[in-house]
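Right, one structure below, let's go through it.
The values are calculated or read from the model by the stated rules, or taken from the named source; none is laboratory data. For clarity, every value in this text was computed on a predicted model and none was experimentally measured. Methodologically, a virtual Cβ is constructed for each residue, glycine included, from the backbone with ideal geometry; neighbour enumeration extends over all protein chains shown. The protein model used for the area step is the full one, side chains on, heavy atoms only, and it has no ligands, DNA or RNA in it. Shrake-Rupley method; radii C 1.70, N 1.55, O 1.52, S 1.80 Å.
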Amino acid sequence: MERSSRIAVALAAAVTAFAPAARGADPKIECIAAADQGQSQRDEGHYLRARDSFAVCLRDVCPKVVAKSCTRWMRELEDAMPTVALGAKDDKGQDFTAAHVTLDGAPLTEVLDGQPVAVDPGPHVLRFERAGSDPAEEHVVVRAGEKNRVVSVTLHAAGAAASGPAAAPASEASPRGATTTKKVVTLSMLVLGAAGIGTGAVLLVQAGKQSSSAASLRTGIPTFACTDDPASSNCQQLSDAVDAQHRDAAIGTTALIAGGVLAAGAVVMWLMWPQAETAAASLRWIGPGGIAGTF
């Protein structure tokens, strides 16, 4: 059918071309040229231009075969013509009813009333501008036949982005850094505390063994033997056992206490450590001129 329509239009153009020149500018020639141009524009994806061309060749003054084909092409084009529904809001979520909107740099509309706006298919850049607000852009790919594609942006108050929280990205990393520090510090204390408790327990057990050895040696030595001859081998062994017992007991007790203090301190620190948000807030400061910073 498409091929037949093209042939019919071509034949009409040929017949018209042989008309007497005295007839002047024949509108039928304009109809045929518009029909041919509209088809080319449609095939190249320029739907808006093709719509204007088909509007010319479907008039009553055009040859019937041309007008009939253009009418059908126009109907098919309208079905395939994509549309977008444009919208813009302020920082509080309130809708704007007017904004200067451009499509790929060309003016598109000034009114945001929710009505669909016809566009050509393909990739586009929609830019929204309004007095008192920073401009916003949306990159979209509109497909043939896609209807009422919603494209909405938020137009922030002019300069709001520069003075808002986004101006201090370093502070956003602070909560994560504070949490990491908390884990490292408390875990280190807990490990050291466990090591101290384990070491103290081992030394106290060793001190108990040394005490048993000393008690066994005492049973084999007369009561005043070591007073009269402290250099004897038995007395020397007893002295070494007693010294080892006292040394292991003292060190073991100290290690046990220190380990317990570290472990308890790790638990308390974990519970009392400032929350990430509080830590992050404490790192922020406002400098001269309202400039936000961190330390």
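Values for this structure:
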| item | result |
| --- | --- |
| Solvent exposure of the stretch 22-128 as accessible area per residue, Å², 1.4 Å probe | 53 Å² |
| Within straight-line cross-link reach of Lys64, lysines at Cα separation under 28 Å, skipping those fewer than 8 residues along the same chain | Lys28 |
| 5 angstrom amide H check on Val153, placed H, neighbours 5+ away | Gly87, Ala88, Lys89 |
| Burial ranking of peptide ranges 50-60, 89-99, 32-42, 239-249 (average Cβ count within 10 Å, highest at the top) | 32-42, 50-60, 239-249, 89-99 |
| For Ala98, distant residues with modelled amide H under 5 Å away | Leu112 |
| HN-Hα J in Hz across the stretch 258-274 - Karplus 6.51, -1.76, 1.60, θ = phi - 60°, x for Gly and Pro | 5, x, x, 5, 5, 5, 5, x, 5, 5, 5, 5, 4, 6, 9, 4, x |
| For Leu108, distant residues with modelled amide H under 5 Å away | Val101, Thr102, Leu103 |
